[in-house]
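First up is the structure itself, then whatever we jot down about it.
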Amino acid sequence: MDDRTVRMALQRHWDASDANDFTVEHEIYRDDAVLDYPQSGERIRGRHNIQESRFVQPTRSVLRSGELSAAAISGSLNFVLTYDGIPSYAVSIMEFREGQVANETQYFADRFDPGPSRAHLVNR
């Protein structure tokens with residue numbers, strides 16, 4: 001896969017995610033794909049289980065920011081997921097093998113106020 005092909009696959013995946021099209025959203029994954037959430041220690045194995053884990057999530061909306069970053073073997077995206085009105089900032093890193101995602105790792109962070117030592121330096 002070249003960078004352009006990876007970028008197109010990622011765009012199709014995220015567009016389907018935005019549209020709540022769970023079938024198309026998960027076509028990007030290999031049957032034996034693995035999804036890791038390091039902060040909670042979860043590992044979900046298999047495209048079917050990844051798809052089901054997202055289907056049963058509470059009400060969500062996605063606000064993507066920045067550009068898709070794509071290289072021939074991986075892609076990443078920064079985005080904000082909102083569950084029941086509460087935003088969570090996220091980064092998704094996808095590793096491709098044979099044209100599909102073999103591994104995905106997602107990191108999440110809640111919003112926090114700047115530290116007192118730098119509060120006078122930041123724009124809010």
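Quick notes on this one:
- Scanning the range 1-53 for residues that are in contact with a helix residue (DSSP H, G or I) (Cβ under 8 Å, 6 or more places away or on another chain), of a type in the set (K, R) and surrounded by fewer than 16 Cβ atoms within 10 Å (Cβ to Cβ) returns a single hit, R12.
- Near pairs, Cβ below 8 angstrom, 6+ apart or cross-chain, from the range 111-124 (β-branched (V, I, T)) to any residue that is modelled with pLDDT under 85: V122/P114
- Pairs, first hydroxyl-bearing (S, T, Y) in the range 1-26, second at pLDDT below 85, C-beta under 8 Å, six or more apart: S17/V62
- Taking strands (runs of 3 or more DSSP E) as the structural unit, those lying wholly within the range 6-93 and holding at least 1 residues that are among the acidic types (D, E), modelled with pLDDT of 90 or more and touching an Asp or Glu at 6+ places or on another chain (Cβ under 8 Å) correspond to 29-37, 42-45.
The values are calculated or read from the model by the stated rules, or taken from the named source; none is laboratory data. Being a predicted model, the structure only gives us computed values, none of them experimental. Reconstructed Cβ throughout: ideal geometry from the backbone, glycine too, with neighbour counts over all protein chains shown.
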